[in-house]
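Input: a single structure, listed below in structure tokens.
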Amino acid sequence: MTLQLTVPSMACSACVDTITKAVQNIDPHAIVAADTKTKLVTVETQQDETAVKGAIAAAGYPVT
């Protein structure tokens, strides 16, 4: 499943790395692409949306 999430507090490549690691902790095979300009994170994962949002929020980046 592909999710498109808006993460307003994502500002730099370190933010992207943290978000990617958070998602891959719950799904090691997840593919994460992020754009700091648009604040959009695209996640290809087998996990449900609630789990992915929770993992990103737990890493300090609330999803809107």
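The values are calculated or read from the model by the stated rules, or taken from the named source; none is laboratory data. If you're wondering where the values come from, they're calculated on a predicted model, not measured in any experiment. Heavy atoms of the whole protein, side chains included, go into the accessibility calculation; ligands, DNA and RNA do not. Shrake-Rupley method; radii C 1.70, N 1.55, O 1.52, S 1.80 Å.
Observations on the model:
Yes/no per residue for (1) of a type in the set (A, V, I, L, M, F, W, C); (2) modelled with pLDDT under 95; (3) part of a strand (DSSP E or B); (4) open to solvent by less than 50 Å² (accessible area, probe 1.4 Å):
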| position | (1), (2), (3), (4) |
| --- | --- |
| Ala22 | yes, no, no, yes |
| Val43 | yes, no, yes, yes |
| Gln46 | no, no, no, no |
| Thr50 | no, no, no, no |
| Val63 | yes, no, no, yes |
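- All positions within region 27-39 that are of a type outside the set (S, T, N, Q) and open to solvent by less than 60 Å² (accessible area, probe 1.4 Å): Asp27, Ala30, Val32, Ala33, Ala34, Lys39
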